[in-house]
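The values are calculated or read from the model by the stated rules, or taken from the named source; none is laboratory data. None of these values were measured; they are calculated from a predicted model. Reconstructed Cβ throughout: ideal geometry from the backbone, glycine too, with neighbour counts over all protein chains shown.
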Amino acid sequence: MDISSKLAFTAMENAANKATEMNVPVNIAVLDTAGFLKYFMRMDDAYVGSIDIALGKAKTAMLFRKPSHELGDAFLRPEARSYGMENTNGGLVGFKGGEFLFERIMK
């Protein structure tokens, strides 16, 4: 099942509202269930250099169905079974901020 434009926009809007509350300008990427970009927002004063990071966090969360930061530790520890995995799938990002929302918003 694909995410509707309305739900994707709502997810983006909620993220923008939270960032505004925190006074942190961010880039927000919302992907569909196949991993393709549905909506993107670069808030005023958000770093241009973090556009790719936002896309990577969203892709990481979508592919593994969990928040991006939950994978970050596994990417960085040589003793971890997933060490180096960030170099797969065209690049993954294990920073905090990528959320897998599909189950939450489809209810």
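What are the residues in the range 37-72 that are outside any helix (DSSP H, G or I) and over 22 Å from Ser5 (Cα atoms), if any?
Listed by number, the residues that qualify are Asp44, Asp45, Ala46, Tyr47, Ser68.
Six or more apart or on different chains, Cβ atoms under 9 Å: show the pairs whose first residue is in the range 31-52 and on the phi > 0 side of the Ramachandran plot and whose second is in a loop (DSSP other than H, G, I, E, B) and surrounded by 15 or more Cβ atoms within 10 Å (Cβ to Cβ).
Cβ pairs passing all conditions: Asp45/Pro25.
For Ala34, which of the numbered conditions (1) within 15 Å of Ile3 (Cα to Cα); (2) surrounded by 13 or more Cβ atoms within 10 Å (Cβ to Cβ); (3) modelled with pLDDT under 90 fails to hold?
Unmet condition: (2).
Let me confirm something: among Phe95, Phe75, which residue is part of a loop (DSSP other than H, G, I, E, B), modelled with pLDDT of 65 or more and among the aromatic types (Phe, Trp, Tyr)?
That would be Phe95, the only listed residue that is part of a loop (DSSP other than H, G, I, E, B), modelled with pLDDT of 65 or more and among the aromatic types (Phe, Trp, Tyr).
Which residues, taken from the range 43-71, are in contact with a strand residue (DSSP E or B) (Cβ under 7 Å, 6 or more places away or on another chain) and charged (D, E, K, R)?
Listed by number, the list holds a single entry, Lys59.
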